[in-house]
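Participant: Can you keep this structure in mind? I'll have questions shortly.
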């Protein structure tokens with residue numbers, strides 16, 4: 001369902017995240033927050049098999065569906081069970097907009113980063129501006145829930161998705177919060193005409 005509604009781009013976005021980690025170096029320790037079924041963690045390992053990747057999620061059902069060779073743990077993104085400065089990079093895919101407290105979630109991710117470590121967030125956005133915005137909102141408010149009902153048999157989940165996406169922070173605002181959390185060199189890379197964005201920064 002996720003592949004269908006992103007026109008097959010979700011896998012490509014995860015590969016971009018993995019490729020962006022290249023400057024972190026081989027053998028890096030990487031934390032995937034909200035790993036779900038482990039697709040982003042697996043993409044990082046596919047890019048660098050020497051990386052030590054840990055995926056955390058608080059949904060046991062999702063973790064049980066992830067590949068068993070991954071290092072996984074049940075954990076709350078607002079209270080990560082790791083010591084300070086433990087990971088060279090922290091990544092997440094479509095998770096931050098679901099946090100009960102975005103500032104606390106960012107602070108936790110920054111806390112477990114080593115100095116100079118990279119934090120990278122892949123997330124949907126409220127959508128592109130200009131003439132494309134009405135079409136984007138129409139697609140998310142009506143087409144996505146309809147597909148969820150027909151394909152996934154779960155219209156409620158795919159009603160929540162557009163509502164949470166349209167209510168989420170613009171990438172520029174997320175970048176501001178990341179700077180406030182102690183990250184430097186924060187950048188945003190729009191994808192799919194600005195419907196999705198990668199926002200990243202390094203711990204000072």
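Just so it is clear, none of the values below were taken in a lab; they were calculated from the coordinates. Just so it is clear, the model here is predicted, and its values are computed rather than measured. Ideal geometry is used to build each Cβ from the backbone, glycine not excepted, and the neighbour counts take in all protein chains shown.
Participant: Hey, in the GNM for the chain with a 10 angstrom Cα cutoff, which one of 34, 117, 61 fluctuates hardest?
Facilitator: Checking each option, the largest mean-square fluctuation is seen for 61.
Participant: Based on Cα positions only, what radius of gyration and what Dmax would you give for the range 79-204, in angstroms?
Facilitator: 16.0, 47
Participant: Would you mind classifying the range 126-167 by shape? Square roots of the alpha carbon gyration tensor eigenvalues, ordered a ≥ b ≥ c; an a/c under 1.5 is rounded, otherwise it is prolate if a/b is larger than b/c and oblate if not. Show your work: numbers first, answer last.
Facilitator: Details: a/c = 4.19, a/b = 1.97, b/c = 2.13.
Oblate.
Participant: On a 0 to 90° scale, report how tilted helix 157-166 is relative to the longest principal axis of the chain, with both axes built from alpha carbons and the result rounded to the nearest 10.
Facilitator: On a 0 to 90 degree scale, this one is about 80.
Participant: Give me the percent relative contact order of the range 107-204, please, defined on Cα pairs under 8 angstrom at least 6 residues apart.
Facilitator: On the way: 138 pairs, mean separation 40.8, N = 98.
42 percent.
Participant: With angles folded into 0 to 90 degrees, how steeply does helix 171-180 sit against the dominant principal axis of the chain? Use alpha carbons for both and round to 10.
Facilitator: The angle comes out near 30 degrees.
Participant: Which of the three applies to the range 1-129, rounded, prolate or oblate, going by the alpha-carbon gyration tensor with a ≥ b ≥ c and a/c under 1.5 meaning rounded?
Facilitator: On the way: a/c = 1.26, a/b = 1.15, b/c = 1.10.
It is rounded, given that a/c, with a ≥ b ≥ c, falls under 1.5.
Participant: If I take every Cα pair under 8 Å that is 6 or more residues apart in the chain, average their sequence separation and divide by the length, what percent do I get for the relative contact order? Let's see the in-between values first.
Facilitator: On the way: 383 pairs, mean separation 37.5, N = 204.
Relative CO of the chain lands at 18 percent.
Participant: Moving on. Just 132, 99, 70 to compare: in a GNM of the chain, with alpha carbon springs under 10 Å, which one fluctuates most?
Facilitator: 132
Participant: Still on this structure, please answer the following. Determine the relative contact order of the range 126-167: mean sequence separation of Cα pairs under 8 Å and six or more apart, normalised by residue count, in whole percent. Mind dumping the intermediate values first?
Facilitator: Details: 28 pairs, mean separation 16.5, N = 42.
Relative CO of the range 126-167 lands at 39 percent.
Participant: Most mobile of 19, 154, 88 per a Gaussian network model of the chain (Cα springs, under 10 Å)?
Facilitator: The residue that fluctuates most here is 154.
Participant: Set the Förster distance to 22 Å, then compute FRET efficiency between residue 50 and residue 107 from the Cβ-Cβ distance, nearest 0.05. Please report the intermediate quantities before stating the final value.
Facilitator: Working: r = 29 Å, r/R0 = 1.33.
The pair residue 50/residue 107 has a calculated efficiency of 0.15.
Participant: What percent antiparallel are the DSSP beta bridges of the chain, to the nearest 5?
Facilitator: Working: 15 of 34 bridges.
Of all bridge pairs located within the chain, approximately 45 percent are antiparallel.
Participant: Sticking with this structure for a sec: Tell me the angle of helix 10-20 to the major Cα principal axis of the chain, expressed in degrees between 0 and 90 and rounded to the nearest ten.
Facilitator: 30
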